[in-house]
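Right, one structure below, let's go through it.
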Amino acid sequence: QNISSGRTFEIRPYGTISSTKTLNGSPNTSFNIGGDIRYSPSPNITADFTFNPDFAQVDADVFEINLTRFPTRFKELRPFFTERINVFNTPLELFYSSRIGARGDIIGGAKVTGKLKQGFEFGVLGNLTGESVFSSSVQNVEKAIFGVMRVKKDILGSSSIGLLAATKEEANHYNRIIGVDGNFLLNDNDSIDFQVASGQTEMEYDQNMAYNLSYIRTGDLWGMNFNFERVETSFEINRVGYIQKEADRGWNKGISVFRFSPRINKYGIRRIIANAEFEY
């Protein structure tokens, strides 16, 4: 009884001052301030705000030699983006938070996430990048506005349907993305996932759609996983999301995996598992 939700407001400021003096030179002094604010009006809703964030305490990305034609996908480690970020997940990675601040300082940002009693889960995120008010460590700073909005609704007991819209706006360039996705649990063993998305740039090409459909069967004796994916030639999300795709190229791809796993429990054999995979 009389249980409260605890802290509803947190503030985490920081400040740094540095001075460097070289032989026969005058001292060079710089300072930097910023911080984060978190406000939780209810246990299920959280609002985060950041100004000139400091990620010096975050682990560095793992060094990797990449000899492919696609950029490396790094795991997100920055606290502002990792907390409750799962709400933005979709079958196609329409939002990849590491794009934010990759080529410019994060001047400020806001994020609101939560879940309502009616079964609505939502997330809204916005960031402004450019040259820091104090000092920039990035060359050729990119000035851009990032915005992401996600709404997801629980339906039919254990199923859901969702909408995601994202954009990156620059002076003369943009990448605007919208997608609808859903997960339907047919019974204890069968489920269907789908997604339809559009990724457009300032070039405004046609053929900018992507489709994904998956059927999964997880029975004890046998199971299967079927996935079909179509990505059209001008589908572009790599300024906001992540996909291993070259310009002016698309594909139709189908993958099927079948499993047969009878339980023997004789002659010292507990179970035999056989798998067959087909890819087109």
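The values are calculated or read from the model by the stated rules, or taken from the named source; none is laboratory data. Just so you know, these numbers come straight off a predicted model, no measurement behind them. Every residue, glycine as well, gets a Cβ built from its backbone with ideal geometry; the counts of neighbours run over all protein chains shown. Ligands, DNA and RNA are stripped out before the accessible areas are found, and what is left, the full protein with its side chains, is counted by its heavy atoms. Shrake-Rupley method; radii C 1.70, N 1.55, O 1.52, S 1.80 Å.
Things worth noting here:
- Condition met for Gln244 (under 22 Å from the mean Cα position of the chain (by Cα), touching a residue at least 40 places away in the same chain (Cβ under 8 Å) and open to solvent by 80 Å² or more (accessible area, probe 1.4 Å)): yes
- Selection status of Ile65, part of a loop (DSSP other than H, G, I, E, B), farther than 26 Å from Phe122 by Cβ and of a type outside the set (Gly, Ala, Ser): yes
- Within segment 249-278, the residues that satisfy the criterion of being open to solvent by 100 Å² or more (accessible area, probe 1.4 Å) and either under 14 Å from Arg230 (Cα atoms) or touching a Phe, Trp or Tyr at 6+ places or on another chain (Cβ under 9 Å) (or both) are Arg249, Phe260, Ile273, Asn275, Glu277, Phe278.
- Count of segment 1-35 residues which are part of a strand (DSSP E or B), charged (D, E, K, R) and open to solvent by 80 Å² or more (accessible area, probe 1.4 Å): 1
- Look at segment 115-127: where a residue is surrounded by 12 or more Cβ atoms within 10 Å (Cβ to Cβ) and a partner is in a loop (DSSP other than H, G, I, E, B) and at pLDDT 90 or above, sitting 6+ places away or on another chain with Cβ atoms under 7 Å, you get Asn127/Ile100.
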